[in-house]
Each structure stands twice: as structure tokens, then as C-alpha cells.
């Protein structure tokens, strides 16, 4: 008999079952154009979301011999993982079909990636954590390579895989060092052991910490471990990038909380320095290099790097306010990024990818509503009030100021101003330049509705950020 | 009760909003009815509030209605302080405003901006009510600025006229100079009292009385209270048009006449006097500031009156008279006779509105010719206007039994009795001011309504009394102008419990009105006593002189003008304030602006900083972009290097 209630891991079971089901359907359904895998996937995600939502506030439970934790933090992160995946799939549906990308595999891999992320954010044991991470990564490698006929995609997948393997190796090496010192894989036990470790053993611990942080930085995409991001974002199909840049970032945040805050709190003075370097480099490189990009996916790739820098700022504040600011940042970032990539997907047609900033020229003349939504998203990414991007940045900078890192806050603001340039350039191009292709834009009703909600959410959350902020504070309290 | 107070404020606001947004839809008639009803409702309720607070003796209402925000323990709120001073002020404001609203129906008839005008004047009334009903400095500032903005809109109402645009800009800019002082004053209050609420600030003031602060200029130790008071008073100098910030007021005559009446009589310009009276608990602790107020007030009272003598525009003459009368009020508050200042504000509101509206009536009849040299003997054609103007003029010069007499004579008596070191100066300026007032007032009256008819013939045939909406407000204003002083002097100034006693704070050593009270034996006695006093004879002398010069021997003024050229020049150029401001501040400001633009903005900010930094960032981006070579081994190398640097940093350097 099980020593816990099955509902604790029910969402994971649902996702796994759906993934298997999609796989089976794909094998036995001969008609490739069928919508069934898509529908199944969405239903599975919704079902899991309902289950996760219902377990909110039931308290923390640690099950499966201390391998799996179910707490409100994991629930919140999972909900956003479902949500972003769900919306990405709505945007991608037509895109995938038009491009003849393998049908069932795509959804199957997406579901496995989701499952990996769920494990990642619910890990109470570094082995579970690694398992989740690899499940996620392997699915993503395959998804990036999904367009087998595209050279760019293959190159991107290759780079991603090799670099990812390197990073995983480093992470695993770091884990082994930590295990060697503490003799445990359990996250909370590890924290206790390290707190009582004599100073003499600190060096090995720090070695382990550096490896772990480097692995983490790679997964998050923080400079100088960011090199894969622009190439992968540019090469991979846009629908995959939209997925890659949203849900896995949320999961990586969960991983960072589990590893740094929950497993290694005693090494806070050390990892804070590492994070400062990573954050400053990310914000600087991301914002500056994005200016030179003509490809919007590449530009958004660099923008991701800079946003990761902001996220790290919140983490390095090292207190509940900072963590919740970072959580708020990553959640709202996932919404903004979702919308931005969603827009790139929606503007693409058969044989045409709306990948260049020039492709957005005169969007206002072609579709004023979509242009307005894109304007909201760009304002939010740039951090212009009253969109939510402003509050996210404000909360993080407040957290940094609260721990007296004035210079850091100034650097962040400084580069955020530089960063505003390339977001506003998109707005300028949309509104003040003539379209190169004046054909009207055809977007299906569902996608149009989703992107409208997506864009308006950025505005509404910006005007009423209180509720989400309160939730972020509550789950990390 | 808060509901009533709120209605008083909101009724004009709602009227203004509806007319402003929907005026062209609901039409002209509906617009003016809406505005009149809004202000009329406020007026009726104000009378009721006056009865409730002044006659029934209700307790002071002082409470926040809406907390806007709280930062570091400082509350920003909307709140009302309704006591006798407020009750009196809102009564005057809404009554005069109502008269002006009704009058406007006739005056603005046919103007394309009819609805816009009603929107503005209703908004103006709202702003002024917010100002006087406030219980905190923030809302006071809101009203202060709102009045400034709407006056800008109103003075430039005929925005196609260059002179009107110049005048409204001038009014706005000069007021900004005053507001700059005012803001600094508010900042000082916040810094030293830690609150914006009147009651809390006033409670803190006695404790601050002895503390000093060192200003960056001169490094002399200043009393905090003095600094606060003088800064606040600089704001009042802007709004209440005291020398040298008076220059906007005569130019504001470019606006339509109803608005001149509203600005000059009941709103805006009285804001400064009201503010000083409201702040009496602060001003009382700074003798220096009070003396400063006396000097500025005295200078304004006498010298601005003198300029009025040489003006030929009917409205400008009255405008200079406003300046001069504001000077009287300032002298009154400066000698701590706050009640006398407010009393003069109260009576002045009626007769000044009357004079302006009367002038407007003349202007309508003259087909918008405002030059008094083209008028003459109008009493034959416009008897109602003439009688009303005569009553207004007698009130203005302080002729016994008319309302102006009581308030003005009280100020003169109080200045005489005051022990402040600047009081003798104040006394002589206000005393000589009576002669000057009488000269310009009766010059206007005689030239316009008596003597030869100088207008063109075709105009003469048209001359007649305007519509009833124009002359009814005149009569309604003439009544209080004549009698209100006698009724109110006792309760306002000398009775054992004066009306304003609960609102004003006067230190015993400064309380001149209290010292005068034993000599007061009723309004009629006060007036009869006045017949033997110097002010009365100055007033009569003025009438006689003007009668001789402008009715009996009309050739004399020109002779005097040519014999005393330099005095005439000084006066007609208004002491050169305008020229000085144009030459120094306007040209200097523009020169500075040009230099900053060409050198500071174009060269340094745009050239070096903005474009320079953009170029720099762009170049950095291009260089950094090269790091992204696309080679997998470069990326791997980068990662390993990063790892290595971190490891070395932590193992060797720490």
C-alpha cells in the first residue's frame, strides 16, 4: 500500500498518461491531419491544472521517501507551466500543421517536457531534480530538431545538445561534490548538514557550489553561459522557441529556489557574489547586444538574457521579499514572452516566417488591434508603466535596494533604459513605417482571442499587480 | 453635514464637466441653466452653511473625506475645514459667482464660445471653493493651482486676440513665480511640521517659534516661521497681485468682463488675503513677516492707485483700483487685524463686482469700446447703470454709511493704533490711498457719466440700458454694496465674540481690533464719527477735485499733464515694471533658454550625451556581437572559461 494519498502526484500521473495516450494515438491513427493529439494534450493540461489548483493551500507534503515535495510554490509554478504550455500550443497549432512538423511527436515531447518541469519544481531530492531536468532537456533537444529538413534547426539542436550536455555534466559534478561532503541527496537534510559543517571543508563545498551555479546559469541562460540562446532561438521553429522561453524559465526558477535557497542557504554569502556577476553580465550583454539584432527572435533571445539578469537580482537579495519579487518577475516574464513569440508565430504564414523586425513594419496599418497588443507587450518587456513589466522591475529593484546594493540597482536601471530602445524600435516600426507587404493578416479566432487576452493580461496585471504579488509572497513565506 | 459641504463643491464641478463635455450637444440655453443651477445650488447651501455656523453657532467641522495616500506618515487627503471664515468665504464666492453667471447670459450673448465660457466659470467657482474649504495644505495648493489654470483659460478666452494670449501667458507666468515661493513654503512646512493638515501644523507652530534655520544665502540665521511665512506670502503676492507681482492683473482685463468681475471681486485675487488670514496661527509668530506684509500691502495700496488716475480704459481703471484695495487688505492682515482684512474682502467683493459688471454694462452699450474718452453723459441713457455705479463708487471710496466705509475706516484706524514698526508706513499709505481712490473713482464716474457726449453719432442713437439679465445683477449687488458694511462691522470686528474669532488667531500683543473695540459704539456712531476724520475729508477732496477738473474745467487735466510730464510718464508707464520685466526677465529668460538650447541641449545633451551614448552603445553591441561567432567550440570555451574564472576567484582570491 502507498503511504500517501495518490492525489498528491495526480497531476504528474495525468500528464504522463496523456503523453502515453498521445503517443499511442499517433501510432495507430493513420490520418496525419487529425486534431486528436492536440485536443488530448490540451485536455490533459487543463485536467492537471484543475487538480493542481485544488491542492493549493493543503500544506506541504513530502512523499516517495523524501524524493518529491508538494507545496504551494510547486503548485504555483506548475500552474504557470500548464498555462504557458496551453497558450503556446494554441498559438502553435496552425503553425505546426502548415509546416508539416511531425504531429503526434510534437505534442508527446511537449508533454514529457512538462512532466520534466513538474518533477523539477517538485524535487525534494537532487536526484529527482536531475531526473526532471534531463527529461525536460532531452525533450527540448528533440523539439528544437523537429524540422529535420531545416539546416538551421539541426545546427541549433546540435549546439543546444552539446552545450546542454556540458552543462548537465557540470551540474552533476557539482552534485557529486555536494553529496561527497554531506552524504545526503535530500535537500533539507543537505541544508542542515552544511550548516553544521566545519570551516575546513568549505573549499570543496564551494567547488560544488560553483559547478552547480554554472549548471543553473546555463539552464536559465545567464551570461556568460548564454551563448546557446541566440543560436537556438533563431534556428528552432518559432513555436518551439515560444515554449522554450516561457515554461522552462519558470521551472528553472523553481530549480534555483530548491538548490540555492533550500539546499544551500548556508552558502548564501558565496552564491550571492556569483549571482551578482551573472546578473550584471546578463543585463549588460543582453540589453546591449539586442540593439544590434535585425532578427526579432534573436532580439528576443538577448532580451531573455537580460530578463534572466533581473530575475537573478531578485534572488540575490537573499530574503523573502527578493525571492517573491523574482518569482513575480519570472511569472510575468513568461506571460510577456509568450505574447511576443505568439505574435511572431501568428504573423508567420506558409513559407514565410515573420522573423525580422522589418516584417513588423506598418503592422498598425494591416491590423491595428494586433499592433496595439504587440505595443502592450513591448512596453511591458521594456518596463513602461502601467504594464506589468514595470512592476516586475520595480519589485526586483526595490528588493535589491532593501539590501543596500545601490550600485547594482543603478546598473539595472541604466541598462533597462538602454534596453527600452530595441523594444520601442519594434513599436516605431509598427506604427510609423509603411508595410512592405500590405496583405491583410489572417489569424484564427481562437489564436486572436488568446493573444488579445495575453496582451491585455499584461496591462491588467500592471494596473492591479496586488493579487499576484500577494500570492508570490505567500508561497515563499 | 459633509454631504452639504460636498454638494457645495461638487455642484459647480458637475455643471462644468457636463457643459465642458456635452455643451455643444445640450445647447446654449441648457448650458447656462445648468451652470446657473449648479452655482445657485451651491449659493443657497452656502447661505445655509453661513446660518448654521455663524448664526446658530455650530461647531467647527474639520475632517478628512478621502485619504488619497499615505507616505512615510504624511497623509495626503481631501478634507474640509468649515468654520466661520470658510462659511463667510463660500457665501461671498458663490453669491458673486451666481451674479456673474446670470450677468454672463447677457454679456456673452452671441459669442461662439458661450458654453465653453460657462464651463470655465463654473470650474473657476469649484476651484475657489476647494481652496477656501480645504483643511490641509495639499488641497489648498490644488485649489490655488486650479484657480491659476482656469484664470489662464479665462483671460485668454478670446484666444485669437494676440493681446489676450499675451495677457494669459503673463498671468500664468507671474503666478508661477509666486507659486514657486508658495511651494517652497509648503515644503518648509512639511519639513518642519511633518504634516499637511492645518490643525496639526498650527499645533506645531508655537514650538517652532524659537527655532532657526540657516539659509544658503548669506548664511544668516533665520527664524523658521519667518521663512515659512514669507515664502507663503510670496505665493499670496502672486495670486493677490501685490507689488512687484501685480503686473498680470491689469493685463487680465483682456478677458471678458464677467470674468474680470469674478477674478477681481470674489475669487483668485482674494485667495492670497484669505490664505494669510487662514494662516494667522503661523503669521502671528513672525513679526518680521507681518511687517513685510504691511510694507508690500502699503506700497500696493498707494502706488497702484496712483496709476489708476492716468488710465483711460474703463476696465483698467477698476483693475488698478483692485490692486490698491488688495493692498488695503494686506495692510490689514499685516497689522494682525485679520478680521478687518477679511471684512474689507467681504465688502469689496460686492462693490467691486458691481463696478465691473457696471463697466461691462457700459461696454455693451458702447459696442465694446472701452476708452472713457469716447464716453460722456451716459447717465442720460443708462440711469440704472449710473445709479448702481454711483453706489459702487461711493462704497469704494469709503463714503460714510456705505459698506466700503466701514471696512476701510476700520483698517485705517487699526493701522493707526498698531504698534508694529511698519504700521506708520501702512497708516500713511492707506490714508493717502483714500484721496487717490477718490480721484480715480470719480474721474471715471464723471468722465463716463457726466460732461460732454463724445461718442460717435450712430452710436449715440443706439445707446440704451442693456437687457434685464445685465442690470438685475447690478441691483442685487448694489444693495449689499450699500448696506452690508453697517450690519456686519460690529459682529465682524468689535463685538465681544466676533464672527471670525474661532478661525483667526491673534496674539494679545498684536490685537489692535481688541484695543479699538472700547471706542466702538455702533455702526451709525462709527459713521458719524467718520465725518470728522481725515479719511472722509480726503475722500470729499477727491470728489471735489475731480468734479472741478473733469466737469467744471475740463481743460485743466491736459495742462497739468503737460506741466508735470515726468510724473505723468512714470504713472502711464506704471513705474516701468512691465518694461523692466520684459527687458530683464523675458529677454534674459529667452536668452538663457536660447543659450541652453543651442549649447546645452543641441551640443551637449543631444550631441554628446544622447547621440554620443547611442553611438557608443551601438558600437559596443557590434563588438559584443562578434563574440557570438556561431562556432560550437567557442561557446564551449566561453563556458569553461567562465567556470574557471569563478573557481579561481573563489579558491585563490578569497
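Computed from the coordinates by the stated procedures, all read-outs in this text should not be read as laboratory data. Please read all numbers here as calculations on a predicted model, not as lab measurements. Here Cβ is always computed from backbone atoms with ideal geometry, including for glycine, and neighbour counts include all displayed protein chains.
In chain B, the longest principal axis of the Cα atoms and the axis of helix B:198-208 are about 80 degrees apart.
Given R0 = 22 Å, the distance between the Cβ atoms of residue B:570 and residue B:452 translates into a calculated FRET efficiency of 0.15.
Between 0 and 90 degrees, the angle of helix B:162-193 with respect to the longest Cα principal axis of chain B falls at about 70 degrees.
Where in the range A:312-335 does the amide nitrogen come within less than 20 Å of the point 7 Å from the Cα of residue A:273, taken along Cα to Cβ? Answer for the range A:312-335: A:312-319. The distance from the alpha carbon centre of the range A:293-315 to that of the range A:217-263 is 10 Å, rounded to a whole number.
The stretch between residue B:517 and residue B:67, if pulled fully straight at 0.36 nm per residue, gains 157.7 nm over its current Cα-Cα span. Spin-label pair residue A:452-residue B:30: with each label point 7 Å from Cα along the Cα-Cβ axis, the two points sit 3.3 nm from one another.
For the range B:190-307, state the average projected area of the convex hull of the C-alpha atoms over all orientations, rounded to one decimal in nm². Intermediate values should be presented prior to the final figure.
Working: hull surface 34.5 nm².
Computed as one quarter of the Cα hull surface, the answer is 8.6 nm².
Taking a ≥ b ≥ c as the square roots of the eigenvalues of the Cα gyration tensor, an a/c ratio of 1.5 or more together with a/b no larger than b/c marks the range A:33-72 as oblate. Counting Cβ atoms of other protein chains within 10 Å of each Cβ in B:624-631 and taking the mean gives 5. Note on the protein assembly as shown: Cα-only Rg and Dmax are 39.5, 125 Å. Taking label positions 7 Å along the Cα-Cβ direction at both residue A:428 and residue B:467, the computed distance is 5.6 nm, reported to one decimal.
Normalised by residue count, the range B:1-101 yields a Cα convex hull volume of 105 Å³ per residue. Averaging Cα coordinates gives a centre for the range A:3-71 and one for the range B:91-116; these two points are 73 Å apart. Estimated from the Cβ-Cβ distance and a Förster radius of 22 angstrom, the FRET efficiency linking residue B:76 and residue B:204 is about 0.80.
Model label sites at residue B:524 and residue B:221, defined 7 Å from Cα along the beta-carbon direction, differ in position by 5.8 nm.
Our note on the geometry: Cα centres of the range B:578-654 and the range A:75-144, 40 Å apart.
Can you tell me which of A:264-270, A:164-170 comes out highest on packing, and rank the rest after it, using the mean Cβ neighbours within 10 Å?
A:164-170, A:264-270
Looking at the square roots a ≥ b ≥ c of the eigenvalues of the Cα gyration tensor of the range A:250-292, which shape do they give, rounded for a/c under 1.5, prolate if a/b is larger than b/c, or oblate? Because a/c hits 1.5 or more and a/b fails to exceed b/c, the range A:250-292 counts as oblate. Protection proxy ranking of A:75-88, A:400-413, B:602-615, by the mean of other Cβ atoms within 10 Å over each peptide's residues and highest first, is A:75-88, A:400-413, B:602-615.
Specify whether the C-alpha gyration tensor of chain A places it in the rounded, prolate or oblate class, a ≥ b ≥ c being the square roots of the eigenvalues: rounded for a/c under 1.5, otherwise prolate if a/b is larger than b/c and oblate if not.
Since a/c reaches 1.5 but b/c is at least a/b, the shape of chain A is classed as oblate.
Between the Cα long axis of helix B:632-652 and the first principal axis of chain B there is an angle of about 80°, rounded to the nearest 10. Cβ-Cβ distance of residue B:562 and residue B:583, R₀ of 35 Å, FRET efficiency by 1/(1 + (r/R0)^6): the value works out to about 0.80.
Counted over all Cα-Cα pairs of the range B:73-214, pairs farther apart than 19 Å make up 62 percent. Among B:497-505, B:122-130, the peptide with the highest mean count of other Cβ atoms within 10 Å heads the list, and the full ranking is B:122-130, B:497-505.
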